[in-house]
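The values are calculated or read from the model by the stated rules, or taken from the named source; none is laboratory data. No experiment lies behind these values; they were computed from the predicted model shown. In this analysis, Cβ positions are derived from the backbone assuming ideal geometry, glycine residues included, and neighbour counts consider all displayed protein chains.
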C-alpha cells in the first residue's frame with residue numbers, strides 16, 4: 001500500500017471514530033470523556 | 001520467624017485469605033485495628049440495639065459457600081442466613097410506594113403497572129442478567145485478573161463474557177435506558193450504581209445487571225451482618241489461626257524488596273514469610289510500605305487512583321414498627337437527580353439536599369437485634385469527606401436533622417416521635433475506625449479504568465511476598481467480592497509457598 005493510501009486510510013478511520021463519537025448520546029459521551037481522562041494512568045495501573 | 005503469614009485487617013478479604021492459609025497449615029496471625037472482626041461488614045451493640053456498621057445484606061451467597069467448601073466446612077454450621085423478600089421497597093417524592101419481590105415474574109407484574117413495554121423488557125433484562133451472573137461475571141469472582149494473560153484466559157474459559165464487552169463501552173445509565181423507558185422503572189434500578197460508588201453516568205454498563213443479581217436471592221445473617229465474619233473467624237480459629245485485636249499495624253517490614261513482617265503502633269515487630277493486606281491499597285503502599293520504598297512507577301500508579309465514595313451512616317432505634325415495606329427501602333426521585341447529586345453536589349464537596357437515601361431495616365429479617373417491639377434502622381446517604389458545610393464533628397447533629405427532615409417532608413416517613421436512639425457515623429469516623437482514606441467505603445474508585453488488571457494486583461509486583469485482599473483489589477467492594485479477593489490471595493500464596 002502506498003504512503004498516500006495509508007494516510008487516507010488513517011484519516012478515514014479517524015473521521016469514522018469521530019463520527020461514531022458524535023453520534024453517541026450525551027450520557028455515553030460523558031462516560032467516555034471520563035474514561036479518556038484516566039487513560040494516561042493505565043500503563044502504570046496495569047503493573048501495580 | 002514468628003509466623004508464616006501476617007494479615008493486616010480482619011475484614012472479609014483478610015479473614016478469608018487467613019482461613020485458607022490456616023487450613024493449609026500456615027501459622028497465621030491477623031492484626032486488627034479495632035476490637036472486632038469484619039471491617040465494613042461488622043455489627044456493634046449500642047443501647048440495647050445491634051447495628052450494622054456498613055454492609056446491610058448479602059447477595060451472590062454462593063461465594064461464601066465456595067469459601068467454606070475450600071475450608072472443608074459447611075456454611076450453615078457457621079452462619080444462619082435468612083432469605084430477604086421483598087428485595088426493595090420504593091418511596092418516591094410524589095408519594096408512590098411499591099416493592100420488588102425476589103421472584104422475577106412478580107417483579108414483572110410490578111413493572112407492568114408503570115409500563116407494559118418495560119415489563120417485556122424486564123424479561124429480556126433478567127434473561128441477560130441471569131446469564132451474565134451465572135455463566136460470565138459470576139465465574140470470574142474467585143479468579144485472578146492481574147494481567148492481560150489472566151483476562152484472556154478467563155475469556156477463553158468463559159467465552160460468554162465476550163458478549164458483554166459492549167456493556168463496558170456503555171455506561172450504567174445508557175444500559176438501563178436501552179432496556180427501560182419508564183422514568184420510574186429506570187430510577188428504581190439506578191441506585192445500585194452507588195453500591196459500587198459511582199453515579200449511573202460514570203458506572204460501567206455491565207454493572208447495571210446488579211439490579212438483576214439481587215433476584216438470584218439476597219440474605220441477611222441471623223445476629224447481624226457481623227455474623228458473617230464471625231463465622232469465618234470461627235472456622236479460622238478452628239484451624240489454629242490467631243487474631244490480635246486493637247493491634248494497629250504502623251508499617252510493613254521490608255528486607256530489600258520483600259515484605260518480611262509488620263510493626264505495630266506500640267513498636268512490636270512481628271516477622272513473617274509473607275504479609276497479606278486487607279486495608280486500602282493507598283494506605284498500604286503510601287503509608288505502611290512507604291513512598292520511599294516504592295519504585296517511581298508504583299508511586300505514580302497508586303497515587304493515580306481516586307478513593308471510592310464516602311457515605312455517612314445514621315443508626316436509629318425505634319420503639320415501634322416503622323412504616324416500611326421491605327428490608328431495604330430506597331427513597332428517590334429520578335435517575336437524572338441521582339447523577340445531579342454527584343456532579344453538582346458531591347464532587348463540589350456539598351452535602352446534597354436531594355434527600356435520596358437507602359434505609360435498611362435489619363429487624364425486619366431478624367427481630368432479635370432490638371428489644372422486643374423495637375426496631376433498628378440504618379440510613380445511608382452520600383456525602384463528601386470534607387464538606388463545605390463544616391467539619392463532620394460540628395455538623396453531625398445537623399446532618400441527622402437534615403435526613404430526618406428529608407424522610408418526613410419529601411417521603412412522608414415520620415419517625416421522630418418514636419426515636420429512642422440516633423447515632424451518626426460520619427466518613428471521618430470510618431476513616432479513623434476502619435483506616436479508610438477519605439472515608440472511602442468501597443476502597444478505590446470502581447470505574448472501568450480501575451477494574452480487573454487495572455486494579456491493584458492481589459500478588460504485589462512492587463513488593464515481593466506482599467498480597468492484597470479486600471475492596472482495593474479485584475473485584476472491588478462488597479461482601480462477596482472481598483471474600484473472592486481473599487480466596488484469590490489464598491490461592492496465590494498456596495501456589496507460591498505451598
Unmet requirement for residue B:199, which otherwise passes all of (1) within 14 Å of chain A (Cβ to nearest Cβ); (2) modelled with pLDDT under 90; (3) in a loop (DSSP other than H, G, I, E, B): (2)
Sole exception among (1) touching a residue at least 60 places away in the same chain (Cβ under 8 Å); (2) away from chain A (no Cβ under 14 Å); (3) surrounded by 17 or more Cβ atoms within 10 Å (Cβ to Cβ) for residue B:244, by number: (3)
Qualifying residue in the range A:2-16 (condition: more than 10 Å from every other protein chain (Cβ to nearest Cβ), in a loop (DSSP other than H, G, I, E, B) and free of Cβ contacts under 8 Å to residues at least 40 places away in the same chain): yes
Strands (runs of 3 or more DSSP E) fully within the range B:1-57 counting 2 or more residues that are crowded, with 23+ Cβ neighbours inside 10 Å: B:3-8, B:28-31, B:49-52
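Only one residue in B:323, B:306, B:345, B:319 is away from chain A (no Cβ under 14 Å), in contact with a strand residue (DSSP E or B) (Cβ under 9 Å, 6 or more places away or on another chain) and on the phi < 0 side of the Ramachandran plot. Which one?
The match here is B:319.
Among the listed residues B:429, B:414, which satisfies the condition of being away from chain A (no Cβ under 14 Å), surrounded by fewer than 20 Cβ atoms within 10 Å (Cβ to Cβ) and part of a helix (DSSP H, G or I)?
B:429 is the lone residue from the list that is away from chain A (no Cβ under 14 Å), surrounded by fewer than 20 Cβ atoms within 10 Å (Cβ to Cβ) and part of a helix (DSSP H, G or I).
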Condition met for residue B:262 (in contact with a strand residue (DSSP E or B) (Cβ under 6 Å, 6 or more places away or on another chain), surrounded by 13 or more Cβ atoms within 10 Å (Cβ to Cβ) and under 18 Å from residue B:461 (Cα atoms)): no
Test set (1) touching a strand residue (DSSP E or B) at 6+ places or on another chain (Cβ under 8 Å); (2) assigned to a helix (DSSP H, G or I); (3) surrounded by fewer than 21 Cβ atoms within 10 Å (Cβ to Cβ) - residue B:371 fails condition number: (2)
Count of residues meeting criterion [surrounded by fewer than 23 Cβ atoms within 10 Å (Cβ to Cβ) and under 23 Å from the mean Cα position of the chain (by Cα)] in the range B:289-306: 3
